[in-house]
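One structure is given below, encoded as structure tokens.
The values are calculated or read from the model by the stated rules, or taken from the named source; none is laboratory data. Not measured: the values here are computed from a predicted model. Here Cβ is always computed from backbone atoms with ideal geometry, including for glycine, and neighbour counts include all displayed protein chains.
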Amino acid sequence: MVVTVNALPTPDAGQDVSICYGTSTLLNATGGVTYLWSPAAGLNDATLANPQASPTVTTTYIVNVTDNNNCSNTDNVIVTIWTLPPASAGASHDICIGNSTSLTASGGINYLWNTGDVTTTINITPTVTTTYTVTVTDGNGCSETAEAIITVNPLPIANAGSDVNICYGLSATLNATGGTTYHWSPSTGLSNPSVSNPLAFPTTATTYSVTVTDANGCSQTDDLVIGIYPAPSISFTASPLNGCEPLPVNFTDHTTPTIASWIWTFSDIISGSNTSNAQTPYHLYENSGLFDVTLSVVTTDGCTDTLTIPDMIEVYPNPTAYFLYSPSVGSIDNSVVFFQDASTLAVSWAWNFGDPASNTLNFSSVPNPTHQYSLEGTYPILLVVTSAQGCTDSTMQDVIIKPTHTFYIPNVFTPDNDGINDFFQGYGSEVSEYDMYIFNRWGQLLFESHDYNLPWNGKSADTGEAFMQDVYVYKIIIKEHDGKRKQFYGHVTLLK
């Protein structure tokens, strides 16, 4: 028996190879007619000479090569797996529309973005939410992709409110909407620039801008203008500022700018007309005292102000002229009249005694003068007094100077109706009261009269019977012009 010993085939599994994770390579064995690779994992067909290998880890593949003699031999090849690069496109994040941002890739040495950029960092300004992809290649030529999502948020709708005008010195409440946080500028004149509704106290026209930020951190600005109406500058005058009661005063307003309405208060409550709405009012102060004057105005822009001038008007009290004199009724034989001033608040006196015939003696400036009258008559006495403030008052009284008093009583009368000496009475002038009584010799009252114009006609007042011729007793009582009473007693003879 012949035993033929065949040589083993000389297999060749090929050169070791390195591939990137997730890729494949073709193995290529030679030296036989049939082949069997192991492990079979990762191979598309372990019986092929050139299967496609897709290992996930570095793998040593052994190929068993069989020739025509059915002799077998093995060889191996190492497929090394390179890990993929740790590709990163940067962090996904939000931006506000209109803003720019950047993405920076890492993990390799070469980069290719889906924007076509091949730089590590790209600057982008998306208008809608966009996914950015980068292919990262390392030194082994392995590539990996990464992506970042840029979310584009809309801007908030900022609203600072409407423009407004305020009066100088007043405030306005701002009221912004559209966000979650607010910041106003300039901050000057604001109660708090970091709230939506601060109080604004501008002293000049100011444009306030508000930056409104929403929950996404997006911001938008809006502004408003606060205009300043000028405050009224109140000024007014009065003429006169002082004087005697009653004091008429004219007021004039000089306030700027243009005034639409006025309210004057004169502090004269007693007068009954204490206020006025006129621009240039007139007021009559009827009582003495010090009076504040207040003016409140409203401009055509609606701005208001009030000014009070304390004790602006002073009304002096008038003196009160009055005097006494004696005697109450004078006569030529008692013609010196004594005057006594009884005025109040008087510091000077001007007397006119109503007696121009006395020339310069008709006047006096002393408080308690005397004057002698040379003729009977009624004299108007005028006294004008002046106070320390120059206020005056006057009064007038009549002084009566009577003629020298005479009273005549006849001692006989003849009541025979001949029209001559038919009546008995006393005769005199300036008799203010008159009482006459007639008695017989035994004291019996025969007649009485209380009227100067009712004389005795020689008859009984009761019966009308004529008395006989005889001597009768009379009693006559008179009151003279000076108030003095006189009594006269005597006898009268009735003749027939």
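Some observations on this one:
- Qualifying residue in the range 148-158 (condition: surrounded by 13 or more Cβ atoms within 10 Å (Cβ to Cβ), out of contact with any Gly (no Cβ under 8 Å at 6 or more places or on another chain), in a loop (DSSP other than H, G, I, E, B) and at pLDDT 95 or above): no
- Taking (1) touching a residue at least 12 places away in the same chain (Cβ under 8 Å); (2) outside the structural domain of S171 (by TED's automatic domain parsing) in turn, P240 satisfies each apart from (1).
- Among the residues of the range 472-496, those that are out of contact with any Phe, Trp or Tyr (no Cβ under 9 Å at 6 or more places or on another chain) and either at pLDDT 95 or above or assigned to a loop (DSSP other than H, G, I, E, B) (or both) comprise H481, D482, G483, K484, K496.
- D416 fulfils the conditions (1) at pLDDT 95 or above; (2) surrounded by 12 or more Cβ atoms within 10 Å (Cβ to Cβ); (3) assigned to a loop (DSSP other than H, G, I, E, B) except for a single criterion, (1).
- Residue in the range 460-475 that is outside the structural domain of I332 (by TED's automatic domain parsing) and within 30 Å of I332 (Cα to Cα) present: yes
- Summed over the range 426-469, residues that are free of Cβ contacts under 8 Å to residues at least 40 places away in the same chain, of a type outside the set (K, R) and either assigned to a loop (DSSP other than H, G, I, E, B) or exposed (fewer than 14 other Cβ atoms within 10 Å of the Cβ) (or both) total 22.
- Here L375 does not qualify as more than 30 Å from L247 (Cβ to Cβ), assigned to a strand (DSSP E or B) and out of contact with any helix residue (DSSP H, G or I) (no Cβ under 6 Å at 6 or more places or on another chain).
- Residue identified as in contact (Cβ under 8 Å) with a residue 60 or more places away in the chain, out of contact with any Lys or Arg (no Cβ under 9 Å at 6 or more places or on another chain) and hydrophobic (A, V, I, L, M, F, W, C) among V337, V366, V347: V337
- Checking Q389 against (1) out of contact with any helix residue (DSSP H, G or I) (no Cβ under 9 Å at 6 or more places or on another chain); (2) under 25 Å from Y325 (Cβ atoms); (3) at pLDDT 95 or above, the condition it does not meet: (2)
- Options I381, I400; residue that is farther than 16 Å from S331 by Cα and crowded, with 17+ Cβ neighbours inside 10 Å: I381
- Residues that are surrounded by fewer than 16 Cβ atoms within 10 Å (Cβ to Cβ) and part of a loop (DSSP other than H, G, I, E, B), drawn from the range 127-139: T127, V128, T129, G139
- Scanning the range 1-20 for residues that are surrounded by fewer than 17 Cβ atoms within 10 Å (Cβ to Cβ) and not aliphatic (A, V, I, L, M) yields T4, N6, T10, D12, Q15, D16, S18.
- Condition check for S358: loosely packed, with under 12 Cβ neighbours inside 10 Å, more than 56 Å from the chain's Cα centre (by Cα) and not β-branched (V, I, T): no
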